[in-house]
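Beneath this line is the structure, given in structure tokens, with notes to follow.
The values are calculated or read from the model by the stated rules, or taken from the named source; none is laboratory data. Not measured: the values here are computed from a predicted model. All Cβ positions, glycine included, derive from the backbone under ideal geometry; neighbour counts span all protein chains shown.
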Amino acid sequence: MEDKKTFKTIDEYILQFPLEIQKTLKKLRLVIKEAAPEADEKISYQMPTFSFYGNLVHFAVWKNHIGFYPTSSGMNAFKQELSEYKRTKGSIHFPLSKPLPYELISRIVKFRVAENMKKAQEKLVDKK
């Protein structure tokens with residue numbers, strides 16, 4: 001049985017890949033951090049994860065693509081702009097052979113920050 005590698009940090013996750021993919025992942029991470037400066041970084045489901053009042057986005061490298069996981073609401077809000085990419089219920093597949101749409105990713109992350117903040121505020125109001 002093959003040992004699954006486990007990661008404690010996003011840095012550890014990124015360092016396992018070839019240099020070109022590392023560069024792409026570092027830029028992706030930077031774009032997410034700039035769009036959500038207060039978000040915490042962690043590894044969840046063995047994927048780099050950013051959280052702010054709950055999970056914001058995850059990403060992971062697969063054989064031919066980078067999976068980006070902004071939840072279904074994050075995907076639905078940008079459905080038209082994401083139409084050229086393969087998608088599953090909760091992920092967008094950005095091909096490794098093409099540059100990532102960083103500006104679009106930034107807008108999706110900002111959308112998710114606003115969504116999570118709104119949910120957190122609604123919970124506070126509900127408790128009163």
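Points worth noting:
- Failed item, numbered, when E20 is tested on (1) in a helix (DSSP H, G or I); (2) surrounded by 12 or more Cβ atoms within 10 Å (Cβ to Cβ): (2)
- Checklist (1) surrounded by 15 or more Cβ atoms within 10 Å (Cβ to Cβ); (2) part of a helix (DSSP H, G or I) applied to H58, failing item: (2)
- Boolean, A35 is more than 28 Å from K5 (Cα to Cα), modelled with pLDDT of 95 or more, of a type in the set (A, V, I, L, M, F, W, C) and touching a Ser or Thr at 6+ places or on another chain (Cβ under 7 Å): yes
- Criterion violated by K42 - all others in (1) in a strand (DSSP E or B); (2) within 11 Å of the chain's Cα centre (by Cα) satisfied: (2)
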